[in-house]
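For reference, the structure is listed below as structure tokens.
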Amino acid sequence: MSASFRLCRPKQFMVWEKDGNYNLGRAALPGCSALLSQRPVRSSPGKGYMHKFRPPYMIVGAKGMLGTDLVARLRELGFETVALDMEEIDITRLDSVRDAICRFRPGLVVNAAALTDVDRCESTPDTAFSVNGLGPGNLAEACRDTRAFLVHLSTDYVFNGTKSEPYREDDPMDPLGVYGKSKAQGEVLIRKALPGDHLIVRTQWLYGEHGKNFVETILRLARQRDTLSVVNDQWGSPTHTVDLCEGLIGLIHAGAGGTFHLTNSGVTSWHGFARTIIESAGIRGVTVAAVSTEEFGRPAPRPAYSALDNSRFVETVGTPLPPWEEALALYLNKRSAREARE
């Protein structure tokens, strides 16, 4: 996912409330209203729904870790796809979003853009709320005006992590820090603007070929140190972007709407994930020491247990994503093959 956008500060700072209310308070920006009223209406839902969206499909955050894989996969499947990133669209500005929507007239928009650096969000809340809250709201408004369907990627951080079992889609949002609050705000604004024409997909612990991620960090540190300290009291599901793309496409194809949870199968801790990375990569002589979140120390709060229940996805699509261990093995095998060719 793209990590940063130009800041367009809203006139009134958005504040997350536990009851889902929000305070936005910005004036409407001028758009291309004459053109917006001329957009064709999309087809009604049904089987094979993905093929019924008018082309092209627009991916926002297309140069990020997930966006890059999603653009490649859609084009591989033969879908006309427009790939936009910060150079082409500023999601914090409604006029920029409307201009892009008017220019390409997509029937389907996927928002893979976000500020995902949790600690940076904590220190720069205005930026976090502009990108993760206001940005999705702007996309939703433009999609509403053009009758486009919006798919939005969200996060496990909208939950407080106090449950002892995986979170379901209807569990109440109660984010701990700025990142989670800003992402929750984005969900609220989408549901308000597009109550029947959106798909919000919450996922977690992403890694992939086209961006910084935990797997690459562990492999890099293992070349530099004999001992790595990794927290053992945060639990979730590592998710490969390649598998996430397949799941997203499956949901869209099935005509899904509303909110879904989507991750690779299985649950582990960051410590367990790190140990499996080291072992699967065949690295010897490196110890992975377990430490608590408090001992590790980070500016932003993290949910302790934020695994996501994928039952609704399985009921809709028919099969879960592969176990996280299998996904990791595939990622490492492809990584080794790339290195051998270089």
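The values are calculated or read from the model by the stated rules, or taken from the named source; none is laboratory data. These figures come from a predicted structure and were not determined experimentally. Methodologically, a virtual Cβ is constructed for each residue, glycine included, from the backbone with ideal geometry; neighbour enumeration extends over all protein chains shown. Ligands, DNA and RNA are excluded from the accessible area calculation, which covers all protein heavy atoms including side chains. Shrake-Rupley method; radii C 1.70, N 1.55, O 1.52, S 1.80 Å.
Taken together, the residues in the range 250-269 that are touching a residue at least 60 places away in the same chain (Cβ under 8 Å), more than 16 Å from D309 (Cβ to Cβ), out of contact with any Pro (no Cβ under 7 Å at 6 or more places or on another chain) and not aliphatic (A, V, I, L, M) amount to 3. Of the numbered conditions (1) open to solvent by less than 10 Å² (accessible area, probe 1.4 Å); (2) out of contact with any Leu (no Cβ under 7 Å at 6 or more places or on another chain); (3) among the aliphatic types (A, V, I, L, M); (4) touching a residue at least 60 places away in the same chain (Cβ under 8 Å), V158 satisfies every one except a single condition; which is it? Single failed check for V158: (4). Step by step: first the residues of the range 161-191, then only those that are in contact with a Ser or Thr (Cβ under 9 Å, 6 or more places away or on another chain) and of a type in the set (S, T, Y), then the one that is farthest from E141 (Cα to Cα). Which residue is that? Only one residue fits best here, namely Y167.
For the range 209-235, the set of residues classified as assigned to a strand (DSSP E or B) and either in contact with a Cys (Cβ under 9 Å, 6 or more places away or on another chain) or open to solvent by less than 80 Å² (accessible area, probe 1.4 Å) (or both) consists of T227, L228, S229, V230, V231, listed by residue number. Just wondering, is there one or more residues in the range 134-150 that are surrounded by fewer than 18 Cβ atoms within 10 Å (Cβ to Cβ), closer than 23 Å to G196 by Cβ and touching a residue at least 24 places away in the same chain (Cβ under 8 Å)? Yes - at least one qualifying residue is present in the range 134-150. For the range 192-208, does any single residue satisfy the condition of being open to solvent by 10 Å² or more (accessible area, probe 1.4 Å) and assigned to a helix (DSSP H, G or I)? Within the range 192-208 (the criterion being open to solvent by 10 Å² or more (accessible area, probe 1.4 Å) and assigned to a helix (DSSP H, G or I)), the answer is yes, since at least one residue qualifies. The residue that is surrounded by the most Cβ atoms within 10 Å (Cβ to Cβ), among those in the range 286-317 that are outside any strand (DSSP E or B) and among the aromatic types (F, W, Y), is F313.
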